[in-house]
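Each remark here refers to the structure printed beneath this line.
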Amino acid sequence: MTGYFSSPFPRRTSVGVSVGGVSVGGGAPVVVQSMTNTDTADIDQTVAQVAALHRAGSEIVRITVDRDESAAAVPRIHERLLRLGIDVPLVGDFHYIGHKLLADHPACAEALAKYRINPGNVGFKDKKDRQFAAIVEMAIRHDKPVRIGVNWGSLDQELLTRLMDQNQAQGSPLTAQEVTREAIVQSAILSAEMAEEIGLGRDKIILSAKVSGVQDLIAVYTELATRCDHALHLGLTEAGMGTKGIVASSAAMGILLQQGIGDTIRISLTPEPNGDRTREVQVSQELLQTMGFRQFVPIVAACPGCGRTTSTVFQELAQGIQADIRKNMPVWREKYPGVENLKVAVMGCIVNGPGESKHADIGISLPGTGETPTAPVFIDGKKAATLRGPSIAQDFEKMVADYIEQRYGHGKAAAE
Ligand code: SF4
C-alpha cells in the first residue's frame, strides 16, 4: 500500500532570497514575519513593539516608512534594537514617495534589510515606471532585496482597465472577478520583470499578491506559483479581527502551504483596541506547527472537555501550562535546545486521558466527574507518578519543568 500516508505535494522550487541574513525561499523553512502598528517616528514605541514581535518569534519585522520623520527614525530604531541584542531584519513599507524617502535618507536605506514596493502605489502615468525604477535602483545600490507586494485594494488601475477592455473584446469574456485575479498576477510578474530589466537579481525579488477573499487568494497564488519561480510571501489582506481573521488566514494559507506554495507568511490580524500585536506571530507559528512544517513551541494537547469534566481544574491546568510555555520560550529557546519538540498532554478523564498522555512526552489524566480524585502522570509512555490533593496543577507544572531540565538542559547527557 503506497501513497495514502505520504505528503501529497513537495515544496515549490523558488529562488532563495536573503533578507538581512534570513533565508526566504530556495527550500528554506517557511519564515514567520509580522508588521508593527506604531508610528515609526515614535522610536520608543516602535523599538518596544519590534522587540516584542521578535521575542514572540517573528523572524522579520516590517515597519511603515511614510514620511521624513519615520525615515529618519529607522536607523535609530535599528541601532537601539542592536543595543538590546535584537538583530531582526527590518523591512520598510513604502507607498507613493518611497523613491524620495530612500534617496533623501540614505541611512534609512542602509538600515533596512528589504524594501516593500506596491506597484499600484508608486505613482501615476509616466511617473509610475520612473519612480518604481528609482526604488529598484536604490535597492541595487544598497544591495537589498525588495518585495513587490501587489494588493487588490490598490491594484494598478491602468493595467486592470486594459485587461478589462481586452476581455470585453473577446467572444466569451471572463468574469470581472477572473479578470481582476489575472490583473493581480500580471501586476506582480510584470513588475518583477521590470525590476530584473533594471538590473535587480532574481535572488533579490520576493513577490506577494494579497487579496481579502479566501478563494481569491488560493486562485491568485496558485496561478502565480506556476508562472514564476520567485520566492512568495503569503498573506490574506484585511483578514479581520479575532477568530474570523484567524480562520480565514489559516484556511487560505493552509491550502497553499499544503501544496508547497509560500516561502514566508504574515497573518494580518486586526488587533482589539490596545490588544496584543504579537498575536499574529503566535497564529503564524501555530499554523506552521500544526501543519507539521516547523516546530516553534512545545505542543500542549488538551481534550475539549465534556460532561465528564464538570470542574474547571482541567481547563485551568491546560491554560496555565500553555501560558507558562509561551512566557518561558524566549529563555528556553536558548537554554534548552530542542525544547520546541516537547509534547505535553492535559486530559480531562480516564476515557482518552491515559492513552493520549502515553503518546505525549509528559501527560496527565485528570479525574473526571465521579472518578477517584487522583491524576496519573505519564512520562515517555510510562506511568511515573500519581498526583492527588489540591496542588495537582502546581505539582504537574513542576514535573514538566523538571522533565525539560533533565531532557533538554545540562542533565540531558545522562538521560540520552
Ligand atoms: S478525555 Fe474525557 S473529559 Fe476529555 S473529552 Fe474525552 S471523555 Fe470528555
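The values are calculated or read from the model by the stated rules, or taken from the named source; none is laboratory data. Fair warning: this is a prediction, and the values are worked out from it, not measured in the lab. Counting neighbours? That spans all protein chains shown, and the Cβs are built from the backbone with ideal geometry, glycine included. In case anyone asks, the SASA skips ligands and DNA or RNA and just uses the protein heavy atoms, side chains included. Shrake-Rupley method; radii C 1.70, N 1.55, O 1.52, S 1.80 Å.
Being on the phi > 0 side of the Ramachandran plot and at pLDDT below 95 is the filter here, so list the residues in the stretch 42-97 that pass it.
Start the filter on the stretch 42-97 by keeping residues that are on the phi > 0 side of the Ramachandran plot, which leaves 57, 85, 96.
Selection gives Gly57, Tyr96.
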In the stretch 63-85, anything open to solvent by less than 10 Å² (accessible area, probe 1.4 Å) and not small (Gly, Ala, Ser) is listed as Ile63, Val65, Val74, Ile77, Leu81
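Being open to solvent by less than 70 Å² (accessible area, probe 1.4 Å), assigned by the TED database to the domain that holds Thr374 and within 11 Å of the ligand (Cβ to nearest atom) narrows it down to one of Val351, Val346, so name that one. Walk me through it before giving the result.
Numbers: Val351 fails: open to solvent by less than 70 Å² (accessible area, probe 1.4 Å).
Only one candidate passes the filter, namely Val346.
One line per residue, one yes/no per condition, for (1) away from the ligand (no atom under 15 Å from the Cβ); (2) assigned to a helix (DSSP H, G or I):
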site	(1), (2)
Gln285	yes, yes
Gly292	yes, no
Val297	yes, no
Ala301	no, no
Leu317	no, yes
Can you tell me which residue within the stretch 356-371, out of those that are more than 9 Å from the ligand (Cβ to nearest atom) and not in a loop (DSSP other than H, G, I, E, B), is most open to solvent (accessible area, probe 1.4 Å)?
-> His359
Condition broken by Ile246, with the remaining ones in (1) touching a Leu at 6+ places or on another chain (Cβ under 8 Å); (2) touching a residue at least 24 places away in the same chain (Cβ under 8 Å); (3) open to solvent by less than 20 Å² (accessible area, probe 1.4 Å); (4) over 21 Å from Asp93 (Cα atoms) satisfied = (3)
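Sort out which residues of the stretch 23-79 are part of a helix (DSSP H, G or I) and within 13 Å of the chain's Cα centre (by Cα), and write them in order of number. Explain how you work it out, then say what you get.
Our first condition is that a residue be part of a helix (DSSP H, G or I); within the stretch 23-79, this holds for 43-56, 68-79.
Result: Leu53, His54, Ala56.
Residue-by-condition table, conditions (1) under 21 Å from Pro271 (Cβ atoms); (2) open to solvent by 50 Å² or more (accessible area, probe 1.4 Å):
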{"position": "Pro29", "(1), (2)": "no, yes"}
{"position": "Ala41", "(1), (2)": "yes, no"}
{"position": "Ala51", "(1), (2)": "yes, no"}
{"position": "His54", "(1), (2)": "yes, yes"}
{"position": "Ala103", "(1), (2)": "no, yes"}
{"position": "Ala113", "(1), (2)": "no, no"}
{"position": "Gly120", "(1), (2)": "no, no"}
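Quick one: would you say Gly262 is open to solvent by less than 60 Å² (accessible area, probe 1.4 Å), assigned by the TED database to the domain that holds Thr237 and at pLDDT below 95?
Details: open to solvent by less than 60 Å² (accessible area, probe 1.4 Å): yes; assigned by the TED database to the domain that holds Thr237: yes; at pLDDT below 95: no.
Judged against the criteria, Gly262 is not a match.
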Look at Pro330 and say whether it is under 30 Å from Ser18 (Cβ atoms), surrounded by 20 or more Cβ atoms within 10 Å (Cβ to Cβ) and away from the ligand (no atom under 16 Å from the Cβ).
-> no
